[in-house]
Amino acid sequence: MENHSLTFDQRLDTEFLESLYEDDIEHAMTVFSEFLKMAPAMMNEIDESYESGIVESFRQKVHKLKPVFSFVGLTYLTEKAEILEKKCKEVSQLYDISPLYKELKYHYSKDFPIIENETKRLKEQLN
């Protein structure tokens with residue numbers, strides 16, 4: 001394999017990503033591609049769980065998705081998910097954490113295209 005220098009979109013946590021993947025473009029591309037496949041379904045599960053109103057189920061779904069954000073450089077979303085998960089233990093109704101949930105969803109939606117573009121760019125670097 002050729003030695004390519006791995007760089008990432010500056011809107012992502014580039015320092016974390018560079019330490020995680022070093023110069024392994026193939027591994028980064030695989031993980032980014034998996035994120036694109038898995039994250040929408042996981043977010044949909046979170047949405048459905050939120051609509052059901054069951055706090056513990058919602059917390060568990062957020063917990064599952066939380067670390068996945070970091071693997072694509074969205075470490076600040078990992079932090080937001082961590083806060084949301086912790087707040088679930090302090091409330092009896094999901095309505096009480098609605099602003100945190102809406103903020104997570106907003107940033108996820110806003111940043112998903114960045115991950116799509118990075119995945120395409122990584123694939124192009126491999127070819």
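Selection within the range 103-127: residues that are of a type in the set (Asp, Glu) and either over 20 Å from residue 41 (Cβ atoms) or touching a strand residue (DSSP E or B) at 6+ places or on another chain (Cβ under 8 Å) (or both). The member of this set that is surrounded by the most Cβ atoms within 10 Å (Cβ to Cβ) is 103.
Taking each residue of the range 30-55 that is loosely packed, with under 13 Cβ neighbours inside 10 Å and looking for partners that are of a type in the set (A, V, I, L, M, F, W, C) with beta-carbon atoms closer than 7 Å, six or more apart or interchain, yields 53/94. Annotation note: Cβ proximity below 7 Å between a residue of the range 98-109 that is of a type in the set (Ser, Thr, Tyr) and a residue that is part of a helix (DSSP H, G or I) and at pLDDT 95 or above (sequence gap 6+ or interchain) occurs for 101/50; 101/84; 108/43; 108/77.
Of all residues in the range 8-22, those satisfying the criterion of being surrounded by 14 or more Cβ atoms within 10 Å (Cβ to Cβ) and more than 21 Å from residue 103 (Cα to Cα) are 8, 9, 14, 16, 17, 18, 20, 21.
Conditions tested, residue by residue: (1) acidic (Asp, Glu); (2) farther than 19 Å from residue 111 by Cβ.
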| position | (1), (2) |
| --- | --- |
| 6 | no, yes |
| 14 | no, no |
| 19 | no, yes |
| 22 | yes, yes |
| 34 | yes, no |
| 44 | no, no |
| 53 | no, yes |
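Residue 17 falls short on exactly one of the conditions (1) aliphatic (A, V, I, L, M); (2) in contact (Cβ under 8 Å) with a residue 60 or more places away in the chain; (3) under 19 Å from residue 121 (Cβ atoms), and that condition is (2).
Across the range 76-97, the number of residues qualifying as among the hydroxyl-bearing types (Ser, Thr, Tyr) and either closer than 25 Å to residue 111 by Cβ or surrounded by 13 or more Cβ atoms within 10 Å (Cβ to Cβ) (or both) comes to 2. Return yes when residue 57 is over 18 Å from the mean Cα position of the chain (by Cα), of a type in the set (Gly, Ala, Ser) and within 17 Å of residue 43 (Cβ to Cβ) and no when it is not. Spelling it out, residue 57 is indeed over 18 Å from the mean Cα position of the chain (by Cα), of a type in the set (Gly, Ala, Ser) and within 17 Å of residue 43 (Cβ to Cβ).
The helices (runs of 4 or more DSSP H) falling completely within the range 24-117 include none with 3 or more residues that are over 23 Å from residue 13 (Cβ atoms) and aliphatic (A, V, I, L, M).
The values are calculated or read from the model by the stated rules, or taken from the named source; none is laboratory data. All values derive from a computational prediction rather than experimental measurement. Ideal geometry is used to build each Cβ from the backbone, glycine not excepted, and the neighbour counts take in all protein chains shown.
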